[in-house]
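Working notes, beginning with the structure itself.
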Amino acid sequence: MSTFKNNTLLLKIFSLLSVVRGYNILILIAAQYLAAIFIFSDTKSIKPVVFDWHLLYLVIATVCVVAAGYIINNFYDKNADKINRPIKTGIDSYVKQETKLRLYFTLNFIGFFFGWLVSWRAALFFSIYIFGIWFYSHKLKKHALIGLITATVLTILPFFVVFVHYKNFSTVIFVHAIFLFLVIMIRELIKDLENIKGAIANNYNTFPVIYGELNTKKIIVFLMLLTLIPIGILNTYPAIEYMKYYFYLAAITLLFIGFYTWNSTHKNQYRLAHNILKVLLLIGVFSLLFIDKSLILDKVIEVLD
């Protein structure tokens, strides 16, 4: 009997991690700290960043509201996900909808609270972000252009809060943000192509539903070509050091994705393209470690001292 209870508990925990996309949350934490250490912070030591309590509060707040965002998105998309992601939907169903909603409100409250510990501006930011995620999940994602832009902005905003915290308004950061914006928008369009059946069945007016698969592919290829501009600009900055190899990889990968997506016709092909972009973004997070190796060495030595 106890074994059965333990198995049920494990299933519920696994289901909950699936709902809040625990792997994405871990990547988000790593991305925010790596960006804070190697991009946004102008200090030559890791210690002030790691022991920056306001940064910790911002990361906790971000994690909570993003996890809550996944929950509310899961709640509104349950019918579409039965078509688009039947296996994941089955796993997610081990946690009751009532439990998910209670957790949604709890996580948003915790996120707001930790934002308030930083400043009233941070609390206001997270309040707007929480509303933005809910409004996107409830209304905006059913509309083509505004849904696409909103999804891209909401994905990139967690980095914006760390960026504002350090007030490091350099050109390279803006160019990098443009690159990320374009790649995330491409990923969203490919995801819409992947999920077109569920969108049609549930009256979601996503980009491929309204403008057709061919026009969506044309936009994807156009955005792919646009990404080469920030990549070219970023590679002119000496400080990126070995991260330039990531941008070379990104350029090759994006060109391949453009060609591959253009010739794709099946859901599994779109899913593969989508997953390749997710891996590319993940590699991009950890490639921050290759920015200006002398700076990294200084920071590590400072910690050891």
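Just from its helices, what would the mean residue ellipticity at 222 nm be for the chain, if runs of 4 or more DSSP H residues each count -39500 (n - 2.57) and the sum is divided by every residue, rounded to the nearest 500 deg cm²/dmol?
One gets -27000 deg cm²/dmol as the mean residue ellipticity at 222 nm.
Ignoring any ligand, DNA or RNA, what whole percent of the accessible area of region 124-277 comes from carbon and sulfur when the probe is 1.4 angstrom? Display every interim value, and only then the final one.
Details: 5300 of 7450 Å².
The computed percentage sits at 71.
Which sequence of Leu288, Leu16 reflects their accessible areas, 1.4 Å probe, from the largest down? Walk me through the numbers before you get to the answer.
Numbers: Leu288 10, Leu16 55 Å².
Heavy-atom accessible area, descending, gives Leu16, Leu288.
Nothing charged except the Cβ atoms of Lys and Arg (+1) and of Asp and Glu (-1): what's the magnitude of the dipole of the chain about its Cα centre? Round to the nearest 20 debye. Mind showing how you got there, number by number?
Working: 28 positive and 15 negative charges, 202 e Å.
That gives the chain a dipole magnitude of about 980 debye.
In whole Hz, with x marking every Gly and Pro, tabulate ³J(HN,Hα) for region 247-256 from phi via Karplus 6.51 cos²θ - 1.76 cosθ + 1.60, θ = phi - 60°.
Whole-Hz 3J(HN,Hα) from phi for region 247-256: 5, 4, 4, 4, 4, 5, 4, 5, 5, 5.
Going through the cross-link list Lys100/Lys267; Lys82/Lys267; Lys218/Lys278; Lys141/Lys217; Lys167/Lys218, which pairs have a Cα-Cα distance over 26 Å in this structure? Please list the in-between numbers first.
Numbers: Lys100/Lys267 29 Å; Lys82/Lys267 15 Å; Lys218/Lys278 21 Å; Lys141/Lys217 19 Å; Lys167/Lys218 37 Å.
Pairs exceeding the cut-off: Lys100/Lys267; Lys167/Lys218.
How big is the accessible area of Asp81 in square angstrom, nearest 10, if you roll a 1.4 angstrom probe over the protein chains?
20 Å²
Calculate how large, on average over all directions, the projected area of the Cα convex hull of region 87-235 is; give the answer in nm² to one decimal. Don't skip to the end; give the middle numbers.
On the way: hull surface 43.6 nm².
Across all orientations, region 87-235 yields a mean hull projection of 10.9 nm².
Using the Karplus curve 6.51 cos²θ - 1.76 cosθ + 1.60 with θ = phi - 60°, work out ³J(HN,Hα) for each residue of region 173-190 in order, rounded to whole Hz, and write x for Gly and Pro.
5, 5, 5, 4, 5, 5, 4, 4, 4, 5, 5, 5, 5, 4, 4, 5, 5, 5
Ser15: accessible area at probe 1.4 Å, nearest 10 Å²?
About 0 Å², ignoring ligands and nucleic acids.
Subtract the Cα-Cα distance of Ile156 and Phe290 from 0.36 nm times their separation in residues, and report this length gain in nm to one decimal. Please report the intermediate quantities before stating the final value.
Working: separation 134, 0.36 × 134 = 48.24 nm, distance 2.14 nm.
Result: 46.1 nm gained on full extension.
Pulled fully out, how much extra length does the chain show between Leu101 and Val279, if you take 0.36 nm times their separation in residues and subtract their Cα-Cα distance?
Working: separation 178, 0.36 × 178 = 64.08 nm, distance 3.03 nm.
Full-extension gain reported as 61.1 nm.
Give me the accessible area per residue for the chain, probe 1.4 Å, as a whole number in Å².
Accessible area per residue, the chain: 52 Å².
Could you work out how far apart the two model spin labels at Phe222 and Asn263 are, taking each label as a point 7 Å from the Cα in the direction of the beta carbon, and quote it in nm?
Going from the Phe222 label point to the Asn263 one covers 2.4 nm.
As an exercise, identify the chymotrypsin sites (Phe, Trp or Tyr not before Pro) in region 135-183 lying in DSSP coil whose Cβ has no more than 15 other Cβ atoms within 10 Å.
When the chymotrypsin sites (Phe, Trp or Tyr not before Pro) of region 135-183 are filtered for loop state and at most 15 Cβ neighbours within 10 Å, Phe169 remain.
With an 8 Å cut-off on Cα pairs and a minimum separation of 6 or more residues, tell me the relative contact order of region 58-153 in percent.
Numbers: 75 pairs, mean separation 36.4, N = 96.
Relative contact order of region 58-153: 38 percent.
Just to verify a number: FRET efficiency for Lys167 and His143, C-beta to C-beta distance, R0 = 22 Å, to 0.05? Provide the component values of the computation, followed by the final result.
Working: r = 35 Å, r/R0 = 1.57.
Efficiency computed from Cβ-Cβ geometry: 0.05.
Rounded to the nearest 0.05, what FRET efficiency do Ile210 and Leu26 give with R0 = 45 Å and r taken as the Cβ-Cβ distance? Could you check? Before the final figure, lay out each step's value.
Working: r = 35 Å, r/R0 = 0.78.
Computed FRET efficiency for Ile210 and Leu26 comes out at 0.80.
Thr150: net charge of surrounding residues, Cβ under 12 Å, Lys/Arg +1, Asp/Glu -1, itself excluded?
Values: positive: Lys139, Lys141, Lys142; negative: Glu188.
Net charge around Thr150: +2.
Taking one equal scatterer on every alpha-carbon of the chain, how large is log10 of I(q)/I(0) by Debye at q = 0.07, 0.11, 0.12 1/Å?
Each listed q corresponds, in turn, to -0.30, -0.74, -0.88.
Of all the C-alpha pairs in region 31-135, what % are more than 20 Å from each other?
Values: 2751 of 5460 pairs.
When all Cα pairs of region 31-135 are counted, 50 percent exceed 20 Å.
Grab the Cα-Cα distance for Ile83 and Leu255, subtract it from 0.36 nm times how many residues apart they are, and report the gain in nm with one decimal.
Details: separation 172, 0.36 × 172 = 61.92 nm, distance 2.99 nm.
58.9 nm is the gain from fully extending Ile83 to Leu255.
The values are calculated or read from the model by the stated rules, or taken from the named source; none is laboratory data. Since the model is a prediction, treat every value here as computed from it, not as a measurement. Positions of Cβ are backbone-derived with ideal geometry, glycine not excepted, and every protein chain shown enters the neighbour counts. Note: areas computed on protein heavy atoms with side chains; ligands, DNA, RNA excluded. Shrake-Rupley method; radii C 1.70, N 1.55, O 1.52, S 1.80 Å.
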